[in-house]
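Below: one structure, written as structure tokens.
The values are calculated or read from the model by the stated rules, or taken from the named source; none is laboratory data. Keep in mind that what you see is a predicted model, and the values were worked out from it rather than measured. Cβ placement follows ideal geometry from the backbone for every residue including glycine, while neighbour counts extend to all protein chains displayed.
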Amino acid sequence: MTTATLHLDMTMSEILERFPGARRALFQKYHIGGCHSCGFQPTDSLRTVLAKHQVQDTEAAVQTILDFDAMDRRMQIAPKDVVALRKADPKVRLIDVRTEEEWEIARIEGAELLTQELFDELRTAPKDTPMVFVCHSGNRSLDAAAYFAGHGFTAVKSMTGGILAWSDEVDPNVPKY
């Protein structure tokens, strides 16, 4: 089984680079990759991982990864579009999911650092609360947006490229690290 963009002989490293949501997809559907006993090595092929976990319908597994990728792409928003969105709707919350140490190095004006208290607050917010998640390069924020979307939130986005892209495309005064 092969597709133009994803095939069974790709390594997990290659897959995760091209399809950042693949780990979430495999874990949610097949309980693969979430812990030591169900994990995989970056050099393992998708074929090897699926065989190890006795997933017989490899086409469905590939489709699951592609479906998650399509969902992830719908949640992504470019930095310049975040600026426009925040101007159009001042209720949009910009949630920074980086560590406190990263936050101290560089931050976007008006962003909120995701602390346990803020996380608890957001989980109980109305499901249509507009939120844009941001991290260093766009992967952790995508995981956060997917988490909230998976819990019924309808207006969540992940800023593509993270604070690095923000520095390049919006505000060069925000330090890169």
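Results, tabulated for the structure shown:
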| item | result |
| --- | --- |
| Unique residue being over 28 Å from Phe133 (Cα atoms), at pLDDT below 95 and not small (Gly, Ala, Ser) when the list is Gln56, Gln41 | Gln41 |
| Residue in segment 14-55 that is surrounded by the fewest Cβ atoms within 10 Å (Cβ to Cβ), counting only those that are closer than 23 Å to Gly150 by Cβ and among the basic types (Lys, Arg) | Arg18 |
| Candidate set from segment 110-149 (those that are acidic (Asp, Glu) and at pLDDT 95 or above); member that is surrounded by the most Cβ atoms within 10 Å (Cβ to Cβ) | Glu112 |
| Qualifying residues in segment 157-171 (those that are outside any helix (DSSP H, G or I) and either touching a Pro at 6+ places or on another chain (Cβ under 8 Å) or of a type in the set (Lys, Arg) (or both)) - the one surrounded by the fewest Cβ atoms within 10 Å (Cβ to Cβ) | Val170 |
| Counted residues, segment 15-36 - those being over 17 Å from Asp72 (Cβ atoms), modelled with pLDDT of 90 or more and out of contact with any Lys or Arg (no Cβ under 9 Å at 6 or more places or on another chain) | 2 |
| Test for Val174: is it hydrophobic (A, V, I, L, M, F, W, C), assigned to a loop (DSSP other than H, G, I, E, B) and surrounded by fewer than 20 Cβ atoms within 10 Å (Cβ to Cβ) | yes |
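Condition check ((1) aromatic (Phe, Trp, Tyr); (2) assigned by TED's automatic domain parsing to the domain that holds Gly33; (3) touching a Gly at 6+ places or on another chain (Cβ under 8 Å)) across all residues:
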residue	(1), (2), (3)
Leu66	no, yes, no
Val82	no, no, no
Asp89	no, no, no
Ile95	no, no, no
Glu100	no, no, no
Ala125	no, no, no
Asp128	no, no, no
Ala149	no, no, no
Ala165	no, no, yes
